[in-house]
Amino acid sequence: MNTILLRNILEFFVILIVLKYVGQQEYKKLTTISHPKKKIAPKKVAGEKPGTKIDDYSEGYRGILNDPAKFLEMLFTYEKDNIPDSVIQKIEPYINNEKFQPAAIQQVSKACTSICSWVRAMYKFHFVNKSVAPKREAQALAMEELTISQKKLANAKAKLKEVEEKLATLQAKYDDSVRKKADLEVKVKECEEKVIRAGKVKNSIYLRINI
């Protein structure tokens, strides 16, 4: 695995651990914040200038933060591998804001400090993960090609085994034929010797009769 990606994953899990042990009461304190910048069904309310409207998130986010366990679960299970670019673009101004730093926010809230670290880690992870995506795709393609090659090799080995078995059968038949030929040659020789001996006996008897 890419070293930078591994380091970011470890950093991400450390932040999750910190989020878990900050304490649920700290998250409940966040309900006192009046304008969180979270995409949750905002209401349009009157702005500071006459005739203007602004987004009010207070009703929606308070419902989430009143259940810290559910809120933490949302952070823990967030699909970090598929963060839309539109989301990254929306949080980028905050990432570039020097006030949106854990050290600065720590002076206000422990819970917000952890959330700030989580957001920044997600932002950083997005780009690191995106940079290694081509390598992952290349690796997946290479693995697919390897699988295909292994199947072809297995098929070739199976065919080779089949040919070797046929050759072994033919070799066995050949060896058996050679053995039978040798046996026949022995028998032919034995028969020839018997015929020669029989001839000699016949001649011997013929000579005795005619003497």
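All of the numbers you see were taken from the coordinates with simple rules; none came from a lab. Computed from a prediction, not measured in an experiment: that's the story for all the values here. Don't worry about glycine lacking a Cβ; one is built from the backbone with ideal geometry, like all the others, and counts go over all protein chains shown.
What length, rounded to one decimal in nm, is gained on full extension from V119 through to D175, with 0.36 nm per residue of separation minus their alpha-carbon distance?
On the way: separation 56, 0.36 × 56 = 20.16 nm, distance 7.90 nm.
So the extension gain works out to 12.3 nm.
What full-extension length gain, to one decimal in nm, is calculated for E193 and V87 as 0.36 nm per residue of separation minus the Cα-Cα distance?
Values: separation 106, 0.36 × 106 = 38.16 nm, distance 10.51 nm.
Result for the pair: 27.7 nm of gain on full extension.
Between D183 and K151, what is 0.36 nm times their sequence separation minus the Cα-Cα distance? Round to one decimal in nm. The partial results should precede the final answer.
Values: separation 32, 0.36 × 32 = 11.52 nm, distance 4.75 nm.
So the extension gain works out to 6.8 nm.
Put a dot 7 Å past each Cα toward the Cβ at E137 and I205; how far apart are the dots in nm?
10.2
Determine by what factor the alpha-carbon radius of gyration of segment 68-134 differs from 2.2 N^0.38 Å, reporting the quotient.
Details: Rg = 12.8 Å, N = 67, 2.2 N^0.38 = 10.9 Å.
Normalised Cα radius of gyration, segment 68-134: 1.18.
If we sort 93-104, 178-189 on the protection proxy, mean other Cβ atoms within 10 Å, highest first, what's the order? Each step should come with its number before you reach the end.
Numbers: 93-104: 11.5, 178-189: 10.0.
Ranked by mean Cβ neighbours within 10 Å, highest first: 93-104, 178-189.
Sort the following peptides by mean Cβ neighbour count (other Cβ atoms within 10 Å, averaged over residues), highest first: 81-92, 106-117, 139-150.
Details: 81-92: 11.6, 106-117: 18.3, 139-150: 10.1.
The packing order, highest mean first, is 106-117, 81-92, 139-150.
List, in the order given, every pair from K44/K99; K90/K135; K80/K124 whose Cα-Cα distance in the structure shown is over 18 Å.
On the way: K44/K99 27 Å; K90/K135 27 Å; K80/K124 11 Å.
Violating the 18 Å Cα-Cα cut-off are K44/K99; K90/K135.
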